[in-house]
Amino acid sequence: MTATLARPLPRPDAQTRPYWDACAQGQLTYQSCTRCGRVQFTPRALCEQCQCTDLGWHLSERIGTVLTFTTVHRAPLPVFKAMTPYVIALIDMKEGFRLMANATADVSQKIAIGSTVQIGFTEVNGMTLPIVQSLIEMPR
Ligand SMILES: [Zn+2]
C-alpha cells in the first residue's frame with residue numbers, strides 16, 4: 001500500500017475565497033474597515049476593531065520588511081521533508097498588515113531580519129500561495 005503524501009493546504013471559505021481567488025490571479029489583497037480604517041489580515045467577516053461588516057478589499061504592492069523568520073530543518077510532516085531546510089517568515093507589509101509565508105530556496109539562503117522583500121506566488125496542487133520571492137534590499 002502506498003501512502004498518499006498530500007501537503008496540507010488552506011481551505012477557502014466565504015470570508016477568504018476573494019483573497020485566494022486574487023492570489024490565483026497573482027494579486028495580494030488585504031481588507032480595511034470603511035468605518036474606522038483599520039487594516040486587517042487575514043480576511044474576516046467583521047472589522048476586528050469596531051465589528052463593522054463593511055470591509056473594503058485592496059491590492060498590496062507586495063513589498064514588506066522581514067520582522068522575523070525561522071529555518072525549518074525537521075519536517076513537521078513527511079510531505080515537507082523534501083523541502084527542508086526551508087524558511088518561514090513574518091513580513092510586515094507596507095500597507096500595514098503582517099503576512100506569514102514560506103521563502104523560496106534562493107531567498108532562504110540570504111534572508112535577514114530587516115530585509116526588504118517582494119512577495120510572489122507559488123502553485124501547490126492547484127492552490128496559489130504567497131511566497132517570499134525575492135530580496136530587494138538587505139538591512140544596513
Ligand atoms: Zn472598523
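Structural remarks
- Ranked list, fewest to most other Cβ atoms within 10 Å of each Cβ, for Trp20, Trp57: Trp57, Trp20
- DSSP-loop trypsin sites (Lys or Arg not before Pro) across region 75-137, with at most 15 other Cβ within 10 angstrom: Lys94
- A P(r) calculated from all alpha carbon pairs of region 92-140, with 10 Å bins opening at zero, reads 25, 55, 18, 2 percent.
- In region 14-59, inverting the average of 1/r over every pair of distinct C-alpha atoms gives 10.5 Å as the Kirkwood radius.
- Rounded to whole numbers, the Karplus 3J(HN,Hα) couplings from phi for region 100-114 are 9, 8, 6, 10, 4, 4, 5, 5, 4, 6, 10, 4, 9, 4, x Hz, using 6.51 cos²θ - 1.76 cosθ + 1.60 with θ = phi - 60°, and x at Gly and Pro.
- Within the chain, helix-based [θ] at 222 nm, where runs of 4 or more DSSP H residues each add -39,500 (n - 2.57), nearest 500: -2500 deg cm²/dmol
- For region 4-30 versus region 77-140, the gap between their alpha-carbon centres in whole angstrom: 16
- When only Cα pairs below 8 angstrom with a gap of at least 6 residues are kept, the chain shows a relative contact order of 20 percent.
- Value in Å of the Kirkwood radius, where the chain supplies the Cα pairs that are averaged: 16.2
- For the chain, the Cβ-based charge dipole about the Cα centre amounts to some 300 debye (Lys, Arg positive; Asp, Glu negative; other atoms uncharged).
Bear in mind that the values in this text are calculations on the coordinates, not laboratory data. Fair warning: this is a prediction, and the values are worked out from it, not measured in the lab. A quick note on method: Cβ atoms are made from the backbone with ideal geometry, for glycine too, and the neighbour counts reach across all protein chains shown.
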